[in-house]
Amino acid sequence: MEAMIRCHLGRLMGERKVRIADVARDTGLHRNTLTLLYKETATRVDVDAIDRLCGYFACQVQDLFEWQRDSSKPTGRKPK
C-alpha cells in the first residue's frame with residue numbers, strides 16, 4: 001500500500017442518512033463526481049467540489065479527506 005488520500009464522504013453521508021442523489025441535488029455536483037468520491041476511486045477533485053461538500057456537511061476539509069502513509073515505506077528523511 002502506498003501513501004494515499006482517503007475520502008470520508010461515505011461516512012459523512014451515513015452519519016446524516018443522505019444518499020448520493022440528495023447530495024447531488026443539494027450541492028449541484030454531478031452524481032458521477034460524488035460516486036467516484038464515495039467509492040474512493042477519484043483521481044482528481046475540483047476545489048469547488050470540496051468547497052461545496054464542506055459547506056453541505058458543515059465540515060472542514062480534514063473531515064472530508066485524510067492523508068495516510070504506508071508505515072512500512074521509508075519517509076525519505078535521513079535518521080539523525
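Here is how the numbers come out for the structure above:
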| quantity | calculated |
| --- | --- |
| Radius 14 Å from Cβ of Leu64, net charge of other residues (Lys, Arg +1; Asp, Glu -1) | -3 |
| Å² per residue, accessible surface of region 24-72 at 1.4 Å | 71 Å² |
| Local electrostatic count at Gly55 - Lys and Arg +1, Asp and Glu -1, tallied over other residues with Cβ under 15 Å | -3 |
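The values are calculated or read from the model by the stated rules, or taken from the named source; none is laboratory data. Quick caveat: nothing in here was measured; it's all calculated off a predicted structure. For neighbour counting, all protein chains shown are included, and Cβ atoms are generated from backbone atoms with ideal geometry for every residue, glycine included. Protein only, heavy atoms only, side chains kept; ligands, DNA and RNA dropped before computing areas. Shrake-Rupley method; radii C 1.70, N 1.55, O 1.52, S 1.80 Å.
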